Amino acid sequence: MSQLPPLSNTGFLRWIWRQLTSMKTALVLLFLLALASVPGSIYPQRGVDPIKVRDYIANNPSWGPTLDRFGFFEVYSSPWFSAIYLLLFISLIGCVVPRVGVHFRAMRSAPPAAPKLLDRLAGTRTFTTDKDPAEVLNVAANALRQRKWRVVMGPQGAASWVAAEKGYLRETGNLVFHLALLFVLVAIAIGGLFGWKGNVIVREGSSFSDTLTQYDAWGGGRYTDAQDLPPFSFTLDKFTVDFERGVAQRGAPRAFEAEMSYKTDPSAPSQRALVEVNEPLVIGGAKVFLVGHGYAPIVTVTDKFGVQIFNDAVPFLPQDGMFTSTGVVKIPDSTPRLGLQALFLPTAALDEIRGPHSTFPGPDDPALFMSAWKGDLGLDSGTPQSVYRIVTDKMSKIGLGQLKIGESWKLPDGSGTVTFVGFKRWASFQIASDPGKELALVFVTLSILGLSLSLFIRRRRVWVKVATLDGVTVIQLAGIMRTSTFDDEDIGALSEDLDGVEQALMAAEVIRGNLEEER
Amino acid sequence: MSPESLARMSNMAIYSSMLVLVGAMFAFAASFAGGRRKPADVVVTTEVGAGGTAVITRTELSVVEPGRRAANIGISLSWLAFALLLAGVVLRGIWAERAPWGNMYEFSITAALSVLGVYLLANTRVDLRWLGLFVVIPVLLTLGVAVTVLYTEAAQLVPALKSYWLVIHVFAAIVCAGAFTLAAATAGLSLVRDRAEKRGNVEGFLSARIPDAERLRALTNKTLAFAFPLWTFAVVAGAIWAENAWGRYWGWDPKETWAFITWVVYAAYLHARSTAGWRGNKASIIAIAGWAAFLMNYFGVNFLASSLHSYAGVGS
């Protein structure tokens with residue numbers, strides 16, 4: 001094997017750069033990007049559903065943590081995924097930016113002179129003429145100019161030529177497409193750095209005001225000022241849902257409507273709005289989207305003396321399409337402290353295999369199944385508590401109960417009575433601000449335009465040449481495609497271009513006849 | 001007209017269309033089997049052999065021209081099937097009082113319509129009668145799966161689908177389904193033909209009846225050059241819709257992820273077409289891989305992954 005010559009440092013860097021910006025590298029990086037995207041559709045992703053990720057790791061203790069370590073639950077922000085697309089974009093810059101200069105000069109420069117021997121080109125047409133070469137070439141040049149070709153005339157004389165080129169927009173489109181993609185990435189980054197989004201559950205009749213503490217979950221970019229959120233507030237006045245009752249797709253949602261009243265800031269007048277799934281509410285640079293809903297059973301608890309110690313509608317989280325919902329009720333004002341772990345079933349059913357579950361998402365026959373606990377709820381420990389779970393390690397079970405609306409359950413140990421008063425609905429909203437999205441839309445639109453130009457425009461050259469052959473003045477027409485790949489249809493289009501010039505020459509009566517026929 | 005009779009008529013039209021397509025399939029198959037041999041073309045290839053001597057090989061390529069009459073019958077039947085299928089899809093839309101793209105059954109019958117439509121329209125510009133068999137078979141399979149596995153009675157939409165973006169986004173995606181399928185068919189055939197050409201023997205039953213590999217590749221390229229910007233548009237329209245419905249324009253939902261993968265693979269195809277050494281079989285294989293990614297998005301994601309796009313309406 002031959003020894004490679006030693007490379008200097010700059011030589012090595014140049015070699016790296018050339019490799020990186022080669023088309024083959026771009027191809028390999030595109031394949032890698034496609035391949036690297038796949039795990040994100042297989043494993044649950046933190047950005048989409050953090051609870052699923054937690055459950056997945058808990059259920060797969062052997063390899064869950066390893067997958068986590070290598071970023072399989074945050075594929076699209078993992079170092080390896082980022083490395084691929086950053087390399088791809090560097091390769092894109094290295095490939096496209098130099099071509100901008102080249103193309104700019106090409107657009108300003110004249111098409112090159114006709115080659116010496118046009119007859120070597122496929123599809124060359126040769127005619128004879130009696131006219132002056134300058135006249136012939138003027139006719140051809142004017143015909144080409146009329147058809148929006150860029151035209152250059154050769155030097156004056158007995159043998160001269162016209163060169164024309166068309167379809168510069170192909171490369172322009174190609175460059176616009178690639179550069180616009182780069183700016184789409186920038187717009188995404190702006191959204192990521194300055195945008196924010198939060199989620200909140202609001203019960204019917206309750207209000208929300210846009211401050212950090214009111215969110216159930218909130219995330220902002222590095223440069224988002226969390227203390228300076230737009231000062232709007234809203235109240236969920238009424239939430240209406242409708243489900244499919246027919247046999248097919250029974251229980252599928254058919255309509256969600258949230259009737260809201262909102263204020264853009266505390267001193268502004270209250271306005272009303274109807275928020276639906278495809279109809280977000282736009283306030284103060286943010287959008288309020290309706291993303292989910294559920295039930296909040298209203299529970300009252302009285303202590304052994306008959307004094308009411310709890311009365312509230314507690315949001316439960318739906319676990320399936322039929323809205324079998326789980327939740328907890330924590331009663332801090334009782335001694336010892338009471339906690340209820342409960343299932344809310346909008347249309348209750350009970351069987352051996354599935355236990356208590358709901359058979360329809362609408363509240364046809366609501367029931368509450370619960371287990372009551374007493375002891376240490378952990379409220380004094382200082383660690384943040386989930387409002388949807390009770391840690392029962394330091395508690396003891398009192399008993400199991402089931403209630404329909406209006407029924408009460410006297411706790412077996414006599415410590416109090418639980419009443420299932422009714423339910424409210426709740427709606428969950430995603431509130432988001434993405435200052436990059438308009439920019440992203442502008443550039444993605446540009447990129448589609450550029451892409452279409454680069455795929456549909458044919459770049460080609462045409463020459464018309466006048467020369468004297470054996471005492472006969474002949475006109476030659478020829479053309480070439482200026483793209484790396486072309487097919488019969490492209491050749492056909494080029495042939496039509498030549499037809500156009502030929503017809504113009506015919507119309508001006510400069511063509512005497514066909515050279516072949518005259519011979 | 002009562003809603004039930006509209007639904008019944010839609011189903012009737014689709015079953016009739018399938019019946020006619022079976023006829024078209026037999027006609028195309030007959031045209032294939034009954035092809036006539038055309039006079040041989042002579043291809044001269046020059047290779048530089050050992051020691052720098054040029055070896056000139058003369059290969060006589062005889063071409064079998066698929067039977068004209070049977071192919072014409074196939075095309076006519078395909079147009080009839082297309083009309084029936086169109087009627088079926090339109091009636092379904094009238095019955096449901098919305099664009100007929102609310103569940104997998106409706107996506108599938110429209111996708112079948114699109115494949116057939118793209119093929120028949122392309123055939124009016126370039127002679128593609130030889131391709132008929134390879135179009136009719138996937139269309140019939142799609143329709144078969146649609147009427148047996150995917151059929152659903154549901155008329156109404158889930159709230160997330162109630163948007164005019166449904167029409168824009170889904171229409172673009174379905175037309176792409178047609179073009180991608182066609183491109184995969186020509187790409188696949190180009191591989192078969194290329195193998196035969198490399199062996200210097202194109203007398204095989206299939207290879208003798210299809211155009212040469214270069215022309216098949218050009219057709220693939222043309223179809224994908226049309227489909228790729230449209231797919232880009234479909235994905236962007238989906239993103240705009242997602243922003244409106246879910247509060248983010250891109251969230252790496254499995255459907256979005258596979259739409260992205262499909263886009264990247266076809267982008268790779270276009271790059272391969274202008275990279276030396278990749279234009280031929282490698283590009284064709286990438287075109288088929290893109291179609292596989294599209295199918296994964298269409299069927300796989302609906303059945304395997306939990307996605308915001310679970311509108312299949314299957315199994316409920």
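Report, in debye and to the nearest 20, how large the dipole of the protein assembly as shown comes out about its Cα centre when Lys and Arg carry +1 and Asp and Glu carry -1 on their Cβ.
So the magnitude is around 1820 debye.
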May I ask you to evaluate 6.51 cos²θ - 1.76 cosθ + 1.60, the Karplus curve with θ = phi - 60°, for each residue of region A:153-161 and list the ³J(HN,Hα) values in order in whole Hz, giving x for glycine and proline?
9, x, x, 5, x, 5, 10, 8, 8
By count of other Cβ within 10 Å, fewest leading, how are A:407, A:516, B:197 ordered?
A:516, A:407, B:197
Any idea how far apart residue B:240 and residue A:58 come out in nm if each label point goes 7 Å out from Cα toward Cβ?
4.3 nm
Would you order A:16, A:491 from fewest to most other beta-carbon atoms within 10 Å of each residue's own beta-carbon?
A:16, A:491
Separation of the residue B:22 and residue B:148 label points, Cα + 7 Å toward Cβ, nm:
1.2 nm
For region A:9-105, the Cα-Cα pair-distance distribution in 10 Å bins from 0, as whole percents, is 15, 33, 24, 17, 9, 2, 0
Extension gain, residue A:484 back to residue A:102 (0.36 nm per residue minus Cα-Cα distance, nm)
135.8 nm
Stretchable slack from residue A:46 to residue A:371, in nm (0.36 nm times residue separation minus alpha-carbon distance)
113.9 nm
Relative to the present Cα-Cα distance, how much length would full extension add between residue A:121 and residue A:270 at 0.36 nm per residue of separation?
46.0 nm
Which of A:19, A:90, A:48 sits closest to the plus end of the dipole of region A:9-105, meaning its Cα is farthest towards the positive end, when Lys and Arg get +1 and Asp and Glu get -1 on the C-beta?
A:19
Applying 1/(1 + (r/R0)^6) with R0 = 22 Å to the Cβ-Cβ distance of residue A:470 and residue A:132, what FRET efficiency is obtained, to the nearest 0.05?
0.70
With the dipole of region A:129-248 defined by +1 on each Lys or Arg Cβ and -1 on each Asp or Glu Cβ, the option from A:149, A:137, A:167 whose Cα lies farthest towards the positive pole is A:137
Per-residue ³J(HN,Hα) for region B:241-255, Karplus 6.51 cos²θ - 1.76 cosθ + 1.60, θ = phi - 60°, Hz, x for Gly and Pro
5, 4, 4, 6, 8, 10, x, 8, 8, 8, x, 6, 5, x, 5
Which FRET efficiency value, to the nearest 0.05, do you get for residue A:227 and residue A:499 by plugging their Cβ-Cβ distance into 1/(1 + (r/R0)^6) with R0 = 60 Å?
0.25
Using +1 on the beta carbon of Lys and Arg, -1 on that of Asp and Glu, and nothing else charged, what's the dipole of region A:251-409 about the Cα centre, debye to 20?
320 debye
Place a point 7 Å from the Cα of residue A:158 along the Cα-to-Cβ direction; which residues of region A:465-479 have their backbone N under 14 Å from it?
A:466-474
Set the Förster distance to 56 Å, then compute FRET efficiency between residue A:245 and residue A:8 from the Cβ-Cβ distance, nearest 0.05.
0.10
Using the charge dipole of the protein assembly as shown (Lys, Arg: +1 at Cβ; Asp, Glu: -1 at Cβ; taken about the Cα centre), state which of A:283, B:184, A:315 has its Cα farthest towards the positive end.
B:184
Give me the net charge for the shell around residue A:67: Cβ to Cβ below 14 angstrom, other residues only, Lys and Arg +1, Asp and Glu -1.
+1
Taking 7 Å along the Cα-to-C-beta vector as the label spot, tell me the residue B:5-residue A:212 distance in nanometres, rounded to one decimal.
6.7 nm
Per q in 0.15, 0.16 1/Å, what log10 I(q)/I(0) does a Debye calculation on the alpha-carbon atoms of region A:128-232 return?
-0.82, -0.86
Whole-Hz ³J(HN,Hα) for each residue in region A:299-309, computed from phi via Karplus 6.51 cos²θ - 1.76 cosθ + 1.60 with θ = phi - 60°, x for glycine and proline: what do you get?
10, 10, 10, 10, 7, 5, 8, x, 8, 6, 10
What ranking do A:148, A:304 get, fewest neighbouring Cβ atoms within 10 angstrom at the top?
A:148, A:304
Tell me, what is the percent relative contact order of chain A, built from C-alpha pairs under 8 Å that lie six or more residues apart?
18 percent
Point-charge dipole on Cβ atoms (K/R +1, D/E -1) for region A:9-105, about Cα centre, debye to 20
520 debye
If every alpha-carbon in the protein assembly as shown counts as one equal scatterer, what log10 I(q)/I(0) does Debye give at q = 0.11 1/Å?
-1.39
For residue A:216, enumerate residues with amide H under 5 Å from its amide H, sequence gap 5+ or separate chain, H modeled in the peptide plane.
A:199, A:200, A:201
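Taken together, the values in this text are just the output of simple stated rules run on the coordinates, not laboratory data. What you see is a predicted model, and the numbers here were worked out from it, not measured in a lab. Backbone-built Cβ (ideal geometry, glycine too); neighbour counts: all protein chains shown.
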